[in-house]
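Structure first, then comments.
The values are calculated or read from the model by the stated rules, or taken from the named source; none is laboratory data. It should be emphasised that the depicted structure is a prediction, and the values quoted were computed from it without experimental measurement. Cβ sites come from the backbone with ideal geometry, for glycine too, and all protein chains shown count toward neighbours. Note: accessible area is taken over every heavy atom of the protein model, side chains too, but ligands, DNA and RNA are not part of it. Shrake-Rupley method; radii C 1.70, N 1.55, O 1.52, S 1.80 Å.
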Amino acid sequence: LHGEQRIEICAPIPTSARLTTTPVITGIYDKVKGALVIIETETVDANGQLLFKNVFGAFARGAGGFGGERGPSTSRHAAPDRKPDRVTEMKTLPEQALLYRLSGDRNPLHADPAFAKMGGFDTPILHGLCTFGYVGRAILAEFCENDPARFKDFEARFVGVVYPGETIVTEMWREDGRVLVRARTKERGQLVIHNAAATVA
């Protein structure tokens, strides 16, 4: 399961390029019920220009209990106890997960109803990175005036799922030079992104 994601944008995003992404496993932590694997990647263009750095955490269910370290806490970006400075609602499409499969993630959990039921879900769920993208768009619109050059980094923890067709409500707080973020579904009130923050210029 995709548990956490961080992206740092290091250079202007090209509209067309041949890219190479190199992954490195930087940690494997024992969460008892599973193992958390931390993978860091760097993406460069054909000239070696660094464009992105990504860090993501993958939770391997049933692979814990091996006596390793528990790992660092991920609660450092908790939302403050006050009303959000900005709130954005974005409705996803019923076919959103099928469209997102064009990115290359063909996990049947996002397309096959029978497979989704085996995973404990009523219907196929939206990809975590698609939810991440919706929330990133909300930050870009509310705090960067839709200028991607002002969007520096974004990190989040995935804590729930979005069903295609649901509305993602993103709550944002400007605090200590960063934007703290939390997102939930409007229809079910399901918290989907938590302990999240972005750096914007």
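So for the stretch 150-160 (the condition being assigned to a helix (DSSP H, G or I) and either touching a residue at least 40 places away in the same chain (Cβ under 8 Å) or crowded, with 21+ Cβ neighbours inside 10 Å (or both)), does at least one residue qualify? Yes, the conditions are met somewhere in the stretch 150-160. Residues in the stretch 44-61 that are assigned to a loop (DSSP other than H, G, I, E, B) and either hydrophobic (A, V, I, L, M, F, W, C) or under 24 Å from HIS127 (Cβ atoms) (or both): 1 in all.
For GLY64, state whether it is of a type outside the set (A, V, I, L, M, F, W, C) and either open to solvent by 40 Å² or more (accessible area, probe 1.4 Å) or in a loop (DSSP other than H, G, I, E, B) (or both). Yes; evaluated as a whole, the condition is true for this residue. If you go through the stretch 127-145 and keep only what is open to solvent by 40 Å² or more (accessible area, probe 1.4 Å) and either more than 19 Å from ALA201 (Cα to Cα) or under 8 Å from the mean Cα position of the chain (by Cα) (or both), you end up with just LEU129. Check the stretch 130-139 and report whether any residue there is assigned to a helix (DSSP H, G or I), of a type in the set (D, E, K, R) and in contact (Cβ under 8 Å) with a residue 24 or more places away in the chain. So far as the stretch 130-139 goes, yes, one or more of its residues are assigned to a helix (DSSP H, G or I), of a type in the set (D, E, K, R) and in contact (Cβ under 8 Å) with a residue 24 or more places away in the chain. Only residues that are surrounded by 14 or more Cβ atoms within 10 Å (Cβ to Cβ), touching a residue at least 24 places away in the same chain (Cβ under 8 Å) and closer than 25 Å to ALA196 by Cβ were counted in the stretch 39-59, giving 10.
Test of understanding: among ILE13, ILE28, which residue is in contact with a helix residue (DSSP H, G or I) (Cβ under 7 Å, 6 or more places away or on another chain) and either at pLDDT below 95 or more than 20 Å from ASN195 (Cα to Cα) (or both)? I'd like the intermediate steps shown before the answer.
Numbers: ILE28 fails: in contact with a helix residue (DSSP H, G or I) (Cβ under 7 Å, 6 or more places away or on another chain).
When all the criteria are applied, what remains is ILE13.
The single condition among (1) without any contact (Cβ under 8 Å) to a residue 60 or more places away in the chain; (2) exposed (fewer than 13 other Cβ atoms within 10 Å of the Cβ); (3) in contact with a Ser or Thr (Cβ under 6 Å, 6 or more places away or on another chain) that GLU89 does not meet is (1). Taking the stretch 27-38 as the range and being more than 22 Å from PHE132 (Cα to Cα), part of a strand (DSSP E or B), open to solvent by less than 70 Å² (accessible area, probe 1.4 Å) and not small (Gly, Ala, Ser) as the test, the residues that pass are TYR29, ASP30.
Contact annotation: residue pairs with Cβ atoms under 6 Å, 6 or more positions apart or on different chains, pairing a residue in the stretch 16-27 that is closer than 11 Å to THR43 by Cα with a partner that is open to solvent by 80 Å² or more (accessible area, probe 1.4 Å), are ARG18/ALA46; THR22/GLU42. Can you report the number of residues in the stretch 170-180 which are touching an Asp or Glu at 6+ places or on another chain (Cβ under 7 Å) and open to solvent by less than 20 Å² (accessible area, probe 1.4 Å)? Result for the stretch 170-180: 2.
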